[in-house]
Amino acid sequence: MVDSSVVLTGQTLAYTFYCSVIILLMIWFGIKVTSEGKSTKVKPVVFYAFVAFLAVLGVSLHLVTFNTIPWASMDINMKNIEADRTFEITVENHEFKLPEATLKCQVGEIVKFSVTSNDLTYGFGLFREDNSMVMQMQVVPGHKNHILWNFNKPGVYTIRSTEYSGPKGYAMVVKNAVEVVEKL
């Protein structure tokens, strides 16, 4: 599975290019529309060509980046995928209750995080040491909320709540909660 930071970088570049093209074309269009003189007016065919170009560019960008989300197929086919390791986590009273102090798994394993809330809606996010987010999901009370993940490199990760759950929610952080190693 491609690391989510690689996906974010690629999509940031693609969408920055797309937005830059839109902004530049809007500036050109605005100058043409507001300028004095007959030759500076925008013809309807040029306007509609501009709109068609933006539509084609936008749809193409979405189609190209659709399959770059590495976890999408795993999420869609979750019922047909057998996890190598499952961690049952409970959340209650603004606290994550882990089955062990550190959840250990190895590179390449498909890990299932099964999180249940007993009181409020929380978020379950996994963060790298540089505080960038790896993945997250919403945890709805009374339901088992699952997410599958395949770690492609070793590391130590922190669990944080990514959903507002009241004033105590900011402190829902479990440092060094997940450790991914080459071999267990």
Of the cross-linked pairs Lys79/Lys104; Lys144/Lys175; Lys144/Lys183; Lys79/Lys153; Lys97/Lys144; Lys79/Lys144, which ones have a Cα-Cα span greater than 21 Å in the structure shown?
-> Lys79/Lys104; Lys144/Lys175; Lys144/Lys183; Lys79/Lys153
Cα lying deepest toward the dipole's positive end in the chain, options Thr12, Gln106, Val156, charges on Cβ | Thr12
Where the Cα pairs of the stretch 86-178 fall when distances are cut into 10 Å bins, in % | 17, 55, 25, 3
In the stretch 76-184, what % of DSSP beta bridges are antiparallel (nearest 5)?
-> 65 percent
How large is the helix-only mean residue ellipticity at 222 nm for the chain, computed as the sum of -39500 (n - 2.57) over DSSP H runs with n ≥ 4, divided by its residue count, in deg cm²/dmol to the nearest 500?
-> -11000 deg cm²/dmol
Assign one of three labels to the chain, namely rounded, prolate or oblate, based on the Cα gyration tensor with a ≥ b ≥ c the square roots of its eigenvalues; rounded applies when a/c is under 1.5, prolate when it is not and a/b is larger than b/c, and oblate otherwise.
-> prolate
What's the Kirkwood radius of the stretch 41-127 in Å, using all Cα pairs?
-> 17.4 Å
Based on other C-beta atoms within 10 Å, arrange Asp130, Asp84 from fewest to most.
-> Asp130, Asp84
Given the C-alpha centroids of the stretch 1-30 and the stretch 90-138, what is the distance between them in whole angstrom?
-> 31 Å
What list do you get for Arg160, Arg128 if you sort them by fewest beta carbons within 10 Å?
-> Arg128, Arg160
Cβ density ranking, 10 Å radius, fewest first, applied to Ile110, Ile31 yields Ile31, Ile110
Rounded to the nearest 10 degrees, what's the angle between the helix 44-66 long axis and the longest principal axis of the chain, both from Cα atoms, 0 to 90?
-> 20 degrees
If one compares the long axis through the Cα atoms of helix 4-34 with the longest principal axis of the Cα atoms of the chain, the angle in degrees, nearest 10, works out at 20 degrees
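Computed from the coordinates by the stated procedures, all read-outs in this text should not be read as laboratory data. Note that the structure is a prediction, hence the values are computed from the model and not measured. Positions of Cβ are generated from backbone atoms using ideal geometry, with glycine treated the same way; all protein chains shown enter the neighbour counts.
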